[in-house]
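Values in this text are rule-based calculations from the coordinates and carry no lab data. Remember, it's a predicted structure, so these values are computed and weren't measured experimentally. All Cβ positions, glycine included, derive from the backbone under ideal geometry; neighbour counts span all protein chains shown.
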Amino acid sequence: MTPIPDERAALDDLASLPGLTWRRATRDDLTSLAELRQASERFDASPERTTVAELTDYWDSERSVPTEDLLLVHDEDGTLVASGWSGCNRSLVESRRVHLGGTVHPDHRGRGIGSAVLRWELAHGQAWDAATRQDGYGPLVMRAHGTAQQEDLAAFLARHDLWPVRWFVEMERRLDGPVPATTADGIRLVDWDPARSEEVRVCLDTGFRDHWGFAGISPQMWHDQVTGHAFRPGWTVLAVDATDRVVGVATGAAYEQDWAEQGFTQGWTDQLTVLREHRGRGVATALLHEQMRRFAADGIQTAGLGVDSSSLTGALRLYEGLGYEAVLRTVAFEHGAAPGR
C-alpha cells in the first residue's frame, strides 16, 4: 500500500502545481462549487446533478465541518477548476467514515490535479482520525463512489489504493398503470408523524444492522435527513404492529434536480427496512405499494430505489417481482481494501 502523506505535505504538493492556488471553502462558494460538480457530472454521464440546496444542507449540518473538509483549487484567472472533499462523519464512532468526493473540471483533467486533490483527501481523513480518536472507536474507513461504467475512475482510484468492495443497483418502476393496495396481517400503514421521529430512527437503525457497511444512523444524521431539502413527509410510510410499534419504514425523497436529465419525474425510496422478526410477511411489499400509490397521486411518473446487489435479505428479487428494473450500477471503492475483494 502506498503510504498516505501527512496533510501538510499533501497541501504543499497542491501548492506546487503550476498556475494554481488552493484555499478552504466558504459558504459563499456553494454556487460555484455546484456548477463545478454539475460540469463533471455531465461529462462523466452521471444521472445525478448536485444543487446549491444539497450543498447547503451539508454545510449547515451540525456534524459537518466544511471549512476543514472542503478545499477549492483555482487557476490564475480565479476560475474554480477542482475541489477536494474529505467528508469526515463526526457523529459515528463504531466505524469512522470519510467520504472522498472531490472532482476536477473536465477541461483541466490530465494535469495531475486529481491525484494531488485525492492525496490531500486521504491525508486529511487520516489526520482527522488521528487527532480525534478515542478508546473504543472503530476502524477508519475511507470510501469513494462512482458508476460502474467509469472505468477511467476505477483505474485512477486503483493507483491510489482504492479498490472496489461493493456494487449497488439503482432501479426504476413506471407508474403509468394501476398499483395494487396490499396488506400484511396484523400490520397497519400510517403516515409520517414527527412525534414518532426517534422511534422511526431506531427502527431504521435496528433494521439495517445486518446490511453490509452499515455503521448506524445517529440522531444528527437522522435530523439532517428529515430536515433536508429532498425529504418528503407525504411519501414516507410507517408500518406498525398490533401494539402500535413501528416495525417497518419507507422514507420518501424527491431529487428534483435529476429529473430534467432523466427525462421524467421520480419518487425515490431513500430507505426501506422491516425489523427482522417481521420479515417474510409482505410488509416491505405493502410499504412500497403504498409509497408508489402516493407517488402516482402526486403525478410522479416513476418510482426509484437503490439496492446492494449482494444483499442477503433478498431485496433485489423482491424489487424485481414488484416490477422494478435495473437502470444503473454503482460501485463503492475503499482505501486499503485488497484488490479483487
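Hey, could you get me the Stokes-Einstein D for region 170-332, Kirkwood radius over alpha-carbon pairs, 20 °C and 1.002 mPa s, rounded to whole µm² s⁻¹? Diffusion coefficient, whole number: 133 µm²/s.
Only alpha carbons enter this Debye calculation for region 1-96, each as an equal point scatterer, and the log10 of I(q)/I(0) it gives at q = 0.24, 0.25, 0.26 Å⁻¹ is -1.30, -1.32, -1.33. Taking label positions 7 Å along the Cα-Cβ direction at both Ala148 and Trp212, the computed distance is 1.2 nm, reported to one decimal.
Highest GNM mean-square fluctuation among Gly306, Gly186, Gly282, for the chain modelled with Cα contacts below 10 Å: Gly186. Counting beta carbons within 10 Å around each of Met142, Met171, Met221 and listing the fewest first gives the order Met221, Met171, Met142.
Calculate the length of the line joining the C-alpha centroid of region 147-162 to that of region 43-108, in whole Å. Here the two parts' Cα centres lie 18 Å apart.
Potential lengthening of the chain between His223 and Ala9 amounts to 73.4 nm, from the contour at 0.36 nm per residue minus the alpha-carbon distance. Taken as entire DSSP H runs, the helices of the chain that both span 18 Å or more between Cα atoms along their own long axis and average -0.5 or more on the Kyte-Doolittle scale are 30-43, 113-132, 283-297. Rg over Rh for region 183-279 works out to 0.99, using Cα positions for both radii and the Kirkwood form for Rh. Can you tell me how region 7-160 classifies by the Cα gyration tensor, rounded, prolate or oblate, using a/c under 1.5 as the rounded cut? Rounded.
Were the residues from Ala242 through Asp107 laid out at 0.36 nm apart, the gain over their Cα-Cα distance would be 42.7 nm.
Computed from the Cβ-Cβ distance with R0 of 45 Å, the FRET efficiency linking Asp44 to Arg317 stands at 0.90. In the chain the Cα-Cα distances spread across 10 Å bins starting at 0 as 5, 23, 33, 24, 11, 3, 0 percent of all pairs. The distance between label points at Asp28 and Thr67 comes to 1.4 nm (points 7 Å beyond Cα on the Cα→Cβ vector). Of all DSSP bridge pairs formed entirely within the chain, close to 85 percent run antiparallel.
Computed extension length for Thr21-Thr132: 37.1 nm, one decimal, from 0.36 nm per residue of separation with the Cα-Cα distance subtracted. Here is how the number arises for the chain: DSSP H runs of 4 or more residues each give -39500 (n - 2.57), the sum is divided by the residue count, and the result at 222 nm is -9500 deg cm²/dmol. For region 44-114, the fraction of C-alpha pairs more than 16 angstrom apart is 59%.
Placing unit charges on each Cβ (+1 for Lys and Arg, -1 for Asp and Glu) gives the chain a dipole about its Cα centre, and among Tyr137, Thr2, Thr182 the Cα reaching farthest toward its positive end belongs to Thr182. The distance from the alpha carbon centre of region 240-281 to that of region 181-198 is 11 Å, rounded to a whole number.
Antiparallel beta bridges, as assigned by DSSP with both residues in region 7-160, represent about 80 percent of the total such bridges. Working from label points 7 Å from Cα in the Cα-to-Cβ sense, the Thr183 to Ser197 distance is 3.2 nm.
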